[in-house]
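Just below is one structure, and these are the notes that go with it.
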Amino acid sequence: MGHRKYSAPRRGSLAYAPRRRARRIVPNVRFWPRTKQGAGLLGFIGYKVGMVTTLVIDDIPGSPTQGAEVAKGATLIATPPLHLIGVILLKKEDGQLVELARHIIADLPPEIRDRVRGVSPTSISLEGLRSRIVESDEVRALVASYPREAGLSQKKALILSVPVSGKVEEAFNYVASRLGGRIPVGEVFRAGEFIDVVGVTKGHGFQGVVKRFGVKILPRKQRKTRRAVGAIGGRSPKYITRFVPRAGQMGFHNRTEFNKRIVRIWNAGEAPVAKSGYTRAPPPRCATIALLGSVMGPPKRPIVLRTPARPPRYKLEAPRLNMVMYAGEVLAS
């Protein structure tokens, strides 16, 4: 069999490596930006509901359809208020953030008490924590989100530590004054701005190279298998490079998408709901936001909304939303 007389693009994307399973269903946020002015949370927890079709007036500067009405897909995310249950102080050691001390409120609800296992060795009183502000470099708020407030059946709460913007003392006073309270999504984000979405993609289990990387199926006269790569490497050096497609985990990966624009934020009970309901997701009972574009993961999966790490240079107000449709049904106009 001679050398092939045609060229073909490389099969299989290496954009995401390594392709390993996420550690937990709540995504891991590896980077938090510091772009906000004043004290406030830099992130929020939401739950994916589903996708709708929106008719909006395109107001992106320089867009070919600027000023015209365009149809765009949008994802609805239920965002119940966050319960502020603790504050954490962090300090930098060898270029990394290390927990210095934390304080958790005493009267924890049952949904959170089942998630907090014991008392942290660094847990101290609020006044003791205040005396160590001079040693810290960052303040984080320990927040809890109740899935049942979004209409889901899960009883236990999801807990996440979210950094607080502003100077250390200013951020600490903001969290200390709100301990035990609730923070709505309208206090963190507003309609029209861009945010980053961090989540876990749909899981497909262990898959072969044809489905996982899209490699070509070998000819029928192949001596061994057909659904495999032709060669995994030479005799020397005696190892397989990372560029060779291999079978393994497909999906359920931690992923981040940048600059998703918020179209609208509905208060509790105001979100549009289809007569037949949303597929595999209950109608949201809390505040709901609509993000332009798709969001990773299946319905009901928790999503972390983050302040943009690399926002666009322009700032926009909320776009004019003319219509919301779902499966051909007009929900709002």
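Quick note: the coordinates plus some simple rules give every number you see, no bench work behind them. Please read these numbers as outputs of a predicted model, since none were measured by experiment. Quick reminder, even Gly has a Cβ in these numbers, built from the backbone with ideal geometry, and neighbours come from all protein chains shown.
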(request) Only helical DSSP H runs with n ≥ 4 go in: add -39500 (n - 2.57) per run for the chain, normalise by residue count and round the 222 nm mean residue ellipticity to 500 deg cm²/dmol. (result) -1500 deg cm²/dmol
(request) Could you tell me which of the pairs Lys275/Lys315; Lys48/Lys91; Lys202/Lys260; Lys156/Lys260; Lys211/Lys275; Lys167/Lys315 are separated by over 27 angstrom between their Cα atoms in the structure shown? (result) Lys275/Lys315; Lys48/Lys91; Lys156/Lys260; Lys211/Lys275
(request) At most 15 other Cβ atoms within 10 Å plus a DSSP loop assignment makes a site exposed; report the longest stretch of the chain without any exposed GluC sites (Glu not before Pro). (result) 1-269
(request) Would you work out the relative contact order for segment 256-333, in percent, from Cα pairs under 8 angstrom that are 6 or more residues apart? (result) 36
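Could you compute the net charge surrounding Thr279? Neighbours are other residues with a C-beta less than 12 Å from the C-beta of Thr279; K and R count +1, D and E count -1.
That sum, taken over residues with Cβ under 12 Å, equals +3.
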(request) Could you tell me the distance between the Cα centroids of segment 17-70 and segment 193-239, to the nearest Å? (result) 29
(request) Please report Lys202, Lys36 as a ranked list, fewest other C-beta atoms within 10 angstrom at the top and most at the bottom. (result) Lys202, Lys36
(request) Determine the sum of side-chain charges near Ile195: Lys and Arg each +1, Asp and Glu each -1, restricted to other residues whose C-beta is under 11 angstrom from that of Ile195. (result) +1
(request) Towards the positive end of the charge dipole of the chain, with charges on Cβ (+1 Lys, Arg; -1 Asp, Glu), say which of Pro18, His253, Ser125 has the farthest Cα. (result) Pro18
(message) Test of understanding: express the Cα radius of gyration of segment 50-124 as a ratio to 2.2 N^0.38 Å, with N the residue count.
(response) 1.99
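Could you give the length gained by full extension between Glu127 and Arg310, i.e. 0.36 nm per residue of separation minus their alpha carbon distance, to one decimal place? Kindly include the intermediate steps, with their values, before the conclusion.
Values: separation 183, 0.36 × 183 = 65.88 nm, distance 3.65 nm.
In short, 62.2 nm is gained.
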(request) Specify the residue with the greatest mean-square fluctuation among Ser165, Ser276, Ser236, computed from a Gaussian network of the chain linking alpha-carbon atoms under 10 Å apart. (result) Ser236
(message) Please rank Thr35, Thr288, fewest neighbouring Cβ atoms within 10 Å first, as an exposure proxy.
(response) Thr35, Thr288
(request) Could you please rank Phe44, Phe258, placing first whichever residue has the fewest other Cβ atoms within 10 Å of its Cβ? (result) Phe258, Phe44
(request) Pick out which of Gln37, Gln249, Gln222 has the largest mean-square fluctuation in a Gaussian network model of the chain, springs linking Cα atoms closer than 10 Å. (result) Gln222
(request) Would you look at the GNM of the chain, springs on alpha carbons closer than 10 Å, and say which of Asn254, Asn28, Asn173 moves the most? (result) Asn173
